[in-house]
Amino acid sequence: MKPITWLGVLLACLGILGLAIPVFTTSQTRNVAQLGGLKIQSTEQSTHVVPQALSAGALVLGVILIGAGLYKRH
């Protein structure tokens, strides 16, 4: 397969994933204070939202690139 087809497949998969799971949460642990062997840590959670238009656009562009990669001129 052509590289443009693989790029299309990747974009289409990311678009489908973004539409299926539009909100995800990540966590980050930081050291707040350290006194000798004692550590105080804080865990912060961040919520991220993937815009629906971005996911749909990636899906449409992926399908177009797949079509362009599979198209053969006679």
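Observations on the structure shown:
- Annotation for residue 43 and residue 6: the two label points, set 7 Å from Cα along the Cα-Cβ direction, are 3.8 nm apart.
- Karplus-derived HN-Hα couplings along segment 48-59 (A = 6.51, B = -1.76, C = 1.60, θ = phi - 60°), whole Hz, x at Gly and Pro: 10, 10, 8, x, 5, 5, 5, 5, 5, x, 5, 5
- Our coupling estimate for segment 27-32, obtained by passing each phi through the Karplus curve with A = 6.51, B = -1.76, C = 1.60 and θ = phi - 60°, is 10, 9, 9, 10, 7, 8 Hz, Gly and Pro reported as x.
- Peptide ranges 3-10, 62-69 listed from the most packed, as the mean C-beta count within 10 angstrom indicates: 62-69, 3-10
All of the numbers you see were taken from the coordinates with simple rules; none came from a lab. For clarity, every value in this text was computed on a predicted model and none was experimentally measured. Glycine also receives a Cβ, built like all others from the backbone with ideal geometry; neighbour counts cover every protein chain displayed.
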